[in-house]
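Heads up: the structure comes next, in structure tokens.
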Amino acid sequence: MNKLSLPALALTVCLSSAHAQTGVEQLPADLAAQYAALVDATRTLDAQAYATLLTDDFTLIMPDGTRLNRDTYLSTFEPEQLSYQKLDYRFDGAEVTGDTARVQFWNRVEATYTLGEVKQPVTVETRTEDLWRKVGGTWRMAQSRTLELVTEASGQVTRQVAQAPVDEQTLAARRAALAPLLRPISATGMNAPAANFAWLSELTGGTRVLGLGEGSHGTAEHFALKGRIFRELAEQYGYTVFMIEADYDDAYAIDRWVQGEGNQSAEEVTREYDFWTWKTQEMADLLRWMRDYNAGRGDKPALRVVGMDMQDPAGSLALLTKLAPHGSRLAELGQTLRTELKAQFGKEQSDWTRAGALAALLELHARFQPQGTLYALDIQHLARTVRQGVAMSAGMQSDDFNASNALRDRAMADNTQALMRDLFPGQKAALWAHNFHVSRVPAQGQAYANLGSHLAREMGTEYRVIGFSFGGGELRAVPGKADGWVGREPLVLKVPDAQPESLDGLSADLLRGTAPAAFLNVAQANAQAPLREWFAQPVSISGVGAVYVEGMPTNGPADLPAAFDGLILTPRSSASVLLPVQEQ
């Protein structure tokens, strides 16, 4: 589900319950009439009528402190996207003082959320406090603060509770505790001074896989820093594997280039990735450095590139059939399955039963190849990702978004461990993926076990994680709308500034433009009482994927001490530099 639509659902549910609740008669008659008007506008999702009932500076405040302004909130009104089946509600009270009123509600709604062809049943329970004030003699809502939000979708229940507003004394204590712990990073490129990354020694002891997150799939600073961190890991800590959230077949050609094959430029080979997210100048700069390192490495182990994702079974199968021994049963199975995949992908209503059986048989044959078969390990891994990709394609036909995401993250965790066991035994890897893939626990509201939670449970202290966050600016993403519309090409989009009292806001203020980023050791921060009390509740960090609805929140609430060992905070995000499309 598009979680960015849930704030709108929460607020509209709150307001739509007001007209029939016992006790509303305690409100001034003209305020009760405004609630009745809100009901009418809510049930039809009439944004124009709704706007007349809000102040120009209206703000919706979510439990984690995220704020939506009036225009952003109203942009989520799409009559074809949301329909109500049942409403339960309770009016909890009101305080009216002159031209100001505070009204409290509890309610529970059963609704259907529609995204494209998929209809998702959703249950939402909320408690809110609404602030009204008279403007020109008419009551208008100025603020709606969500005190508690409980959502249920696909059998998964998530609960968010608002933290108490931060007073000046608490904010000052947090600031004082945070200031000496922020380690400034003076530059973000591949040639940034090594002294900026001395703190890596705190995270690499006994670690075999180091997760490197990102606050968005299109933040230049995060990509550039991850590239520089991999350089430091290779030069100082013996890391040799660059593992990325991409399919194995994408990274295969890139890996050969990094090892010295071919005469393409770094920019040309970077375009081998299927995902636009990785076709950036920042990625090309890293791959160029890796090739140069390998060319002069002497007797040191070669640096390698490998993909652990599995979303493109057709691509994996194409490489498998290319590597399989000519005329073998494995090659024949591969060709048969390619024909079946092409047929199913071309249908409006696919039946993946035969493809699933063929994929399972293919994996079995790959596992028991004749001794001495060339590319045997590559073929085994490709066959596994084909089977995983077919299963995910079949699962995506259901309405259960969480099940598809759970399958993918479980598969990526399995692939990570299989690659380290079979292709890279005894080596160490940096794992490049989104924050909410690599984090050791899912973000609040992320209703499935993520990649990092599997690795943390199964690898223990051999898996550690650095998350990334930003305080505002712009990023590159495919534009979306609240009604589920998604554009075709990634664009540079503006993002709202972090709240001053947030972790991103405080760190930006402390850095005051002196550095583009800073590192925070989360365990050291958690040892300080003011920060430990803060981190005991979910803390918002950046979490934008490949699609972004401009103006919407860019963060998600995370259990920082459980999720990350370190956090890199960049006060401003710049859009990643997309490589120009290469003319054929």
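The values are calculated or read from the model by the stated rules, or taken from the named source; none is laboratory data. The model shown is predicted, which means the values in this text are computed figures rather than measured ones. Quick reminder, even Gly has a Cβ in these numbers, built from the backbone with ideal geometry, and neighbours come from all protein chains shown. The protein model used for the area step is the full one, side chains on, heavy atoms only, and it has no ligands, DNA or RNA in it. Shrake-Rupley method; radii C 1.70, N 1.55, O 1.52, S 1.80 Å.
Distances between placed amide hydrogens fall under 5 Å for SER350 paired with no residue 5 or more residues away or on another chain.
Could you tell me how many degrees, from 0 to 90 and to the nearest 10, lie between the Cα long axis of helix 6-16 and the main elongation axis, the longest principal axis, of the Cα atoms of the chain? Taking the Cα atoms of the chain, the angle to 6-16 is about 20 degrees.
Spatially, the stretch 545-580 and the stretch 338-412 are offset by 31 Å when compared through their Cα centroids.
Against the chain, whose longest principal axis comes from its Cα atoms, helix 353-367 is set at around 40 degrees. For a straight C-alpha distance cut-off of 18 angstrom, the lysines reachable from LYS494 (same-chain residues fewer than eight places away being disregarded) are LYS481. Convex hull volume per residue, computed on the Cα atoms of the stretch 379-446, equals 87 Å³. Modelled spin labels at MET190 and ALA29, positioned 7 Å past Cα toward Cβ, are 7.5 nm from each other. Based on protein heavy atoms only, the chain ends up with 41 Å² per residue of surface accessible to a 1.4 Å probe.
The Cβ shell under 14 Å around ASN294 holds other residues with a net charge of +2, Lys and Arg each +1, Asp and Glu each -1.
Principal-axis analysis of the Cα atoms of the chain puts helix 376-395 at an angle of about 30° to the longest axis.
Within the set of other residues whose C-beta is less than 12 Å from the C-beta of VAL539, count the net charge using Lys and Arg as +1 and Asp and Glu as -1. Within the 12 Å Cβ shell, the charges total -3.
For the chain, the fraction of 1.4 Å probe accessible surface lying on carbon and sulfur atoms is 49 percent. Other residues with beta-carbon under 10 Å from the beta-carbon of HIS437 carry, at +1 per Lys or Arg and -1 per Asp or Glu, a net charge of -3. Helix content alone sets the calculated 222 nm mean residue ellipticity of the chain: runs of n ≥ 4 DSSP H residues at -39500 (n - 2.57) each, divided across all residues, give -11000 deg cm²/dmol. Can you work out the PRE-style zone for THR170? Point 7 Å along Cα to Cβ, and I want the residues of the stretch 520-534 with backbone N under 13 Å. Answer for the stretch 520-534: 530-534. Expressed as a fraction of 2.2 N^0.38 Å, the value expected for a compact globular protein of N residues, the C-alpha radius of gyration of the chain is 1.04. Listed by chain and number, the lysines whose alpha-carbon sits under 18 Å from that of LYS226, ignoring those within fewer than 8 places in the same chain, are LYS279, LYS428. Once C-alpha pairs closer than 8 Å and six or more residues apart are averaged by separation and normalised to the residue number of the chain, the relative contact order reads 17 percent.
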